[in-house]
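The values are calculated or read from the model by the stated rules, or taken from the named source; none is laboratory data. Since the model is a prediction, treat every value here as computed from it, not as a measurement. Here Cβ is always computed from backbone atoms with ideal geometry, including for glycine, and neighbour counts include all displayed protein chains.
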Amino acid sequence: MGRRLCGGARLAAERGADEAEAPPVRLVHPINDPVLDQLPGLLAPYGICSEAVVMSPYHDRDGIALREMASGLALSRMSVAVTKAGASPFPFEKAAAWPQPVVLVKPSRTDRHFVHAKWYEFQTEARRLLLTGSINATRKALMTTDNVEPGVVRALARKTVPLEWEPAERPAFAPDERFPSGLKGNEIVYAGFDRQDSSLLSGRIISLQPTAGIWKGCLIQADGDAVSFAQSYWRNDMAWPQRITWF
């Protein structure tokens, strides 16, 4: 029964093929690597990235995540959206001194609802890439593996305009209020089977508490068949591999 579960996981991974006529859609997450570290590889197949447009309801006080993005991608220009009339958590005044020009824009829309979207447009030589999801424009979300922030990257035609933008005036700086982590006393356990070796299970434990020790796990499939395992987790924030023996 365990071999059936192993084979089923491998078959599901193999079926995830790209369409021959369309650019691939990619899931992005920071479980193993920060999102900023992944961006050059995601954009590389489409040529040099010259410009980016970023819309996010949350920013760092110093804007460090977007400054690193602009520098790492060697952008000629970055546009940052003003998502609230009269105030913004993005430090536009400080950003005026960055090497890459920062342009103020806002969505061309008439409603005034709170913008919760996380939206990144990247203009390359061949395509316009759109990254959407839950990835805020913050150091935690873009530059670390501390948060669980999924997103989806789509490659659109180069001249596609997924959202209209218009110039915006510089708003007053209103830094975000910091909220305590929602983890509290809970843990998040992420794991996945290796695409090349379906007996290798790798994962990560995310927690605010000390996590060193032996963790026991159990994989259960729909028909009730199960296999148990134990993993020694000797320090905090450590990714772990586990070889699963199927009977």
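Here are some residues: 52, 74. Which one is touching a Leu at 6+ places or on another chain (Cβ under 9 Å) and either aliphatic (A, V, I, L, M) or outside the structural domain of residue 163 (by TED's automatic domain parsing) (or both)? Spell out the reasoning first.
On the way: 74 fails: touching a Leu at 6+ places or on another chain (Cβ under 9 Å).
From the options 52, 74, the qualifying one is 52.
Residues in the stretch 140-163 that are more than 20 Å from residue 115 (Cα to Cα), touching a helix residue (DSSP H, G or I) at 6+ places or on another chain (Cβ under 7 Å) and among the charged types (D, E, K, R): 146 only.
With the requirement that a residue be among the hydroxyl-bearing types (Ser, Thr, Tyr) and either loosely packed, with under 15 Cβ neighbours inside 10 Å or free of Cβ contacts under 8 Å to residues at least 60 places away in the same chain (or both), what does the stretch 123-176 give you? Quick ask: steps written out before the conclusion?
Going residue by residue through the stretch 123-176, those that are among the hydroxyl-bearing types (Ser, Thr, Tyr) are 124, 132, 134, 138, 144-145, 160.
Correct list: 132, 134, 160.
Quick check on the stretch 2-25. Is at least one of its residues more than 19 Å from residue 192 (Cβ to Cβ), at pLDDT 95 or above and not hydroxyl-bearing (Ser, Thr, Tyr)? No, the stretch 2-25 contains no residue that is more than 19 Å from residue 192 (Cβ to Cβ), at pLDDT 95 or above and not hydroxyl-bearing (Ser, Thr, Tyr).
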